[in-house]
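What follows is a single structure, written as C-alpha cells, with notes after it.
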C-alpha cells in the first residue's frame, strides 16, 4: 500500500482534486471487478451513503448509478445526490462522471480509476489502483480535506478485503 497522494485545490475553478494509490496482492481483474461497479462503493467507502443502479437515459454511454455522497463534521452533516455514468470502461481504466438530467448546470464530479499490473510476467497477482477524484464546485472547506484524507485511509483495508473475496 502506498501513502495517500495528497489533497489539493484546483485554483482555476475553485474545485478540488484528490489522488490516492493502493497496492495490493490481487490481479488487475479482481481490482477492476470491484471498482468498476459503483454499487460496491458503500461497502468500502463510508462517504458513499448509497449507490443504486439507475435506468440509463437516451444518449448515456454507459451504466448509470444514483449516488449519495455524505459527510459529517461534528454536528454538521452534508449530503449530495449525484447521477453518475461510467464513461470509460477499459481493462486498466474506469471513469465515472456526473450527468444530471434536469437541464441545469451542475458542478462536475469525475472519478477516474487506473489499474496497473505489478505482477505481469512474475507469476504473482499484484496490482496498484490509482484513483483520482475531481470536484469542480466551490463548496469545499479546508476541514473536508482532512475528513477525506482520513476516510481514504480507513477505506483501504475494507477495499482490499472486498477485492480478496
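The values are calculated or read from the model by the stated rules, or taken from the named source; none is laboratory data. Values in this document were obtained by computation on a predicted structure and should not be read as measured data. Virtual Cβ from ideal backbone geometry, glycine too; neighbours counted across all protein chains shown.
For the criterion of being at pLDDT below 95 and farther than 26 Å from residue 106 by Cβ, residue 145 fails. Residue-level check: of (1) exposed (fewer than 12 other Cβ atoms within 10 Å of the Cβ); (2) free of Cβ contacts under 8 Å to residues at least 24 places away in the same chain, residue 106 misses just (1).
Mind telling me which of the residues 82, 111, 162, 148 ends up being in contact with a helix residue (DSSP H, G or I) (Cβ under 8 Å, 6 or more places away or on another chain) and either under 16 Å from residue 38 (Cα atoms) or assigned to a helix (DSSP H, G or I) (or both)? That would be 162, the only listed residue that is in contact with a helix residue (DSSP H, G or I) (Cβ under 8 Å, 6 or more places away or on another chain) and either under 16 Å from residue 38 (Cα atoms) or assigned to a helix (DSSP H, G or I) (or both). Considering only residues in segment 85-103 that are in contact (Cβ under 8 Å) with a residue 40 or more places away in the chain and assigned to a loop (DSSP other than H, G, I, E, B), the one that is farthest from residue 35 (Cα to Cα) turns out to be 101. Screening residue 50 against (1) in a loop (DSSP other than H, G, I, E, B); (2) within 21 Å of residue 151 (Cβ to Cβ); (3) touching a helix residue (DSSP H, G or I) at 6+ places or on another chain (Cβ under 8 Å) leaves a single unmet condition, (1).
Of the listed requirements (1) at pLDDT below 90; (2) over 23 Å from residue 73 (Cβ atoms); (3) surrounded by 16 or more Cβ atoms within 10 Å (Cβ to Cβ), residue 123 misses just one: (3). The condition (being part of a strand (DSSP E or B), under 13 Å from the mean Cα position of the chain (by Cα) and touching a residue at least 12 places away in the same chain (Cβ under 8 Å)) is satisfied by just one residue among 16, 34, 67: 67.
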